[in-house]
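**Q** Okay, handing you the structure first.
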Amino acid sequence: ATYQFLTEFLTEQATLFGDPVINVYGDEVRFACWNMSTSVTDYMRTHGIAAGDYPGLQGYFEQKVIDMVRALPTKKRTVLWEDNSRGARHGTAGLPKDAVVQLFHEDNGDASVLDATVSGGWQVFYTTRDWYFDHGKTLTDGSWESDYAMDPFANSTLPEATLNSAVLGAESCMWSPHFDSANFMIEEFPRAAAVAERLWSDAAQINKL
């Protein structure tokens, strides 16, 4: 029933939106509830997933969803958050190289996940929790100055040409529990403009703040 619903849902989404990708997320899955379910345990046994291998179970499910997206007439690519790309037991075994990985753990310019994911053969979308605009604003965390100074490639060990080919884009994010119509604009701007300027400009062209 779940797969039937997802097939219908993804088919509808593909016709409503013209984007070349569909983001099916898969981030921040908590396995404790699966560990308490005899139905999940039985399902894993039936489908050849080792007992306790909940990342493997998630990978099995994600692959099913990827296959649904691949089968759509619109030929969209699947986007998955980086949780699916970490290590052999966290989704990579079945994650096809035509899926795009959405990064988000690159705090304070940490490029370790970026480098590992690109080196593994995936293209990526880049973000960082430093670009989450619902976070507080100080001179070192959440100011437009710090957002502008953030360079996605700064601490990467990979050649620039490799990154240019693998990083398809970047985004800033904002989560609704922390704002409403009263403070949306002051949380969003001028930080969004600073990120946009950073991403649109040549990497070598940066004003020292």
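The values are calculated or read from the model by the stated rules, or taken from the named source; none is laboratory data. What you see is a predicted model, and the numbers here were worked out from it, not measured in a lab. FYI the Cβ positions are ideal-geometry reconstructions off the backbone, even for glycines, and counts take in every protein chain you see. With ligands, DNA and RNA removed, areas are computed over all heavy atoms of the protein, side chains included. Shrake-Rupley method; radii C 1.70, N 1.55, O 1.52, S 1.80 Å.
**Q** Which one, (1) -0.34, -0.86, -0.97, -1.24; (2) -0.29, -0.77, -0.89, -1.27; (3) -0.42, -0.81, -0.90, -1.18, gives log10 I(q)/I(0) by the Debye sum over Cα atoms at q = 0.08, 0.13, 0.14, 0.17 Å⁻¹ as derived from the coordinates shown?
**A** Label of the calculated value: (1).
**Q** If Lys and Arg each add +1 and Asp and Glu each add -1, what is the summed charge of the other residues whose beta carbon sits under 10 Å from the beta carbon of residue 14? Don't jump to the answer; show the numbers that get you there.
**A** Details: positive: 75, 76; negative: 12, 19.
Residues near residue 14 contribute 0 overall.
**Q** Something else about it: Report the accessible area of residue 206, computed with a 1.4 Å probe over the heavy atoms of all protein chains in place, in Å² rounded to the nearest 10.
**A** 60
**Q** Still on this structure: Just add up the charged neighbours of residue 68: K/R +1, D/E -1, any other residue whose Cβ is under 11 Å from the Cβ of residue 68.
**A** Charge balance in the 11 Å sphere: 0.
**Q** Of the heavy-atom accessible surface of the chain (probe 1.4 angstrom), what whole percent is carbon and sulfur? Intermediate values should be presented prior to the final figure.
**A** Values: 6720 of 11730 Å².
After summing per-atom areas, the C and S share lands at 57 percent.
**Q** Grab the Cα-Cα distance for residue 186 and residue 4, subtract it from 0.36 nm times how many residues apart they are, and report the gain in nm with one decimal.
**A** Values: separation 182, 0.36 × 182 = 65.52 nm, distance 4.22 nm.
Computed gain between residue 186 and residue 4 is 61.3 nm.
**Q** Take the Cα atoms of region 19-67, find their three principal axes, and give me the spread along each one in whole Å, biggest first.
**A** 39, 21, 14
**Q** May I pose another question? Taking every alpha carbon pair in region 95-209, what does the distance histogram look like in 10 angstrom bins from 0, in percent?
**A** Per 10 Å bin, starting at zero, the Cα-Cα P(r) for region 95-209 comes out as 13, 44, 31, 11, 1 percent.
**Q** Per residue, how much accessible surface does the chain expose to a 1.4 Å probe? Answer in Å², no decimals.
**A** 56
**Q** Can you pull the Rg over Rh of region 148-209, Cα-only, Kirkwood?
**A** 1.06
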